[in-house]
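Taking it in order: structure first as structure tokens, then the write-up.
The values are calculated or read from the model by the stated rules, or taken from the named source; none is laboratory data. These numbers come from a predicted model, not from an experiment. A quick note on method: Cβ atoms are made from the backbone with ideal geometry, for glycine too, and the neighbour counts reach across all protein chains shown. Quick note on the areas: whole protein, heavy atoms, side chains included, nothing else; ligands and nucleic acids left out. Shrake-Rupley method; radii C 1.70, N 1.55, O 1.52, S 1.80 Å.
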Amino acid sequence: MAFTLPALPYPTNALEPSIDALTMEIHHDRHHKAYVDNLNKALEGQAALQSKAIEQLLRDIKQVPDNIRQAVINNGGGHANHTMFWEIMGPGGGGKPTGPLADEISKTFNGFAAFQAQVKQAGLGRFGSGWAWLVLAGGKLQVVSTLNQDSPYLNGQVPLLGVDVWEHAYYLKYQNKRGDYLDAWWNTVNWNAVGQRYSQAKAGNL
Ligand code: MN
């Protein structure tokens, strides 16, 4: 079974004005598609690996043969990261989390504003291409960043929220102003989806 590109769960213009429609179209239809295509190419003839869920493939990265491991890190990571990215954004997004996730963010980071500042710092501090994340690690929330398409699953962490800081995610509208993109990006976040991921991760189902 080959991996497939999931449909964008909303129209390309749904996140305007924070993320423009052309960026969304190119990002999903070309960039994400290329990760899926290249992952499938790397896994040709590897039936056991092809049948794994993408998250499990990344968690078990040491079981992937040396000669294709980096391709799976790059393209499998790219597939998993973007699939989650589309799901944790949505029209009418923004605001703040509610419920247990809100409580845990407040407690861990000393308030929601301080949490947002940490994510922004993680995104701005990532030299070149990568991601800033909220992850569940050892039962605790943590803000981290990764290089290129490295997935938190590679490090035994569960990504709950992630913001793509590759230039392809923001350059058409924001050019070199990554900080402005990171500020506007909060208006796209679907906190219900992030809260669900938190509950599932706590239950060991993610
Ligand atoms: Mn991307």
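Could you say whether any residue in segment 153-170 is at pLDDT 95 or above, among the charged types (D, E, K, R) and touching a His at 6+ places or on another chain (Cβ under 9 Å)? Please lay out each step first, then the result.
As a first pass, look at segment 153-170 and keep what is at pLDDT 95 or above: 153-170.
Narrowing further to those that are among the charged types (D, E, K, R): 164, 167.
After this cut, where a residue has to be touching a His at 6+ places or on another chain (Cβ under 9 Å) as well, the list is 164.
There is at least one residue in segment 153-170 that is at pLDDT 95 or above, among the charged types (D, E, K, R) and touching a His at 6+ places or on another chain (Cβ under 9 Å).
In this structure, does ARG69 turn out to be within 16 Å of the ligand (Cβ to nearest atom) and at pLDDT 95 or above? Walk me through it before giving the result.
Details: within 16 Å of the ligand (Cβ to nearest atom): no; at pLDDT 95 or above: yes.
So ARG69 does not fit the description; no.
Say we look at segment 138-157 and pick out the residues that are of a type in the set (A, V, I, L, M, F, W, C) and open to solvent by 20 Å² or more (accessible area, probe 1.4 Å); which of these is nearest to TYR198 (Cα to Cα)?
Initial filter on segment 138-157 (of a type in the set (A, V, I, L, M, F, W, C)): 141, 143-144, 147, 154.
Now narrow it down to the ones that are open to solvent by 20 Å² or more (accessible area, probe 1.4 Å): 143-144, 147, 154.
On the way: VAL143: 14, VAL144: 16, LEU147: 23, LEU154: 18 Å.
Top of the filtered list is VAL143.
Is it true that THR108 is assigned to a loop (DSSP other than H, G, I, E, B) and among the hydroxyl-bearing types (Ser, Thr, Tyr)?
no
Suppose we filter ASP103, ASP60 for residues that are more than 22 Å from VAL165 (Cβ to Cβ), open to solvent by less than 50 Å² (accessible area, probe 1.4 Å) and away from the ligand (no atom under 16 Å from the Cβ); which single one remains? So that I can check it myself, show each step before the final result.
On the way: ASP103 fails: open to solvent by less than 50 Å² (accessible area, probe 1.4 Å).
None of the other options fit; the residue is ASP60.
Kindly list, by first and then second residue, each pair from a residue in segment 139-161 that is of a type outside the set (Asp, Glu) to a residue that is in a loop (DSSP other than H, G, I, E, B) and at pLDDT below 95, limited to pairs with Cβ atoms under 7 Å and residues at least 6 apart or on different chains.
If the second residue must be in a loop (DSSP other than H, G, I, E, B) and at pLDDT below 95, the pairs left are VAL158/LEU206.
Let me spell it out: the conditions are (1) more than 21 Å from LYS140 (Cβ to Cβ); (2) assigned to a helix (DSSP H, G or I); (3) open to solvent by 60 Å² or more (accessible area, probe 1.4 Å), and GLU55 meets all of them except one. Which number is the exception?
(1)
What are the residues in segment 171-206 that are polar (S, T, N, Q) and at pLDDT 95 or above, if any? Talk me through it step by step, then tell me what you get.
Keep residues of segment 171-206 that are polar (S, T, N, Q), which gives 175-176, 187-188, 190, 192, 196, 199-200, 205.
Result: GLN175, ASN176, ASN187, THR188, ASN190, ASN192, GLN196, SER199, GLN200.
Among (1) open to solvent by 20 Å² or more (accessible area, probe 1.4 Å); (2) touching a residue at least 40 places away in the same chain (Cβ under 8 Å), there is one condition ASP164 misses while meeting the rest; what is its number?
Of (1) open to solvent by 20 Å² or more (accessible area, probe 1.4 Å); (2) touching a residue at least 40 places away in the same chain (Cβ under 8 Å), only one is false for ASP164: (1).
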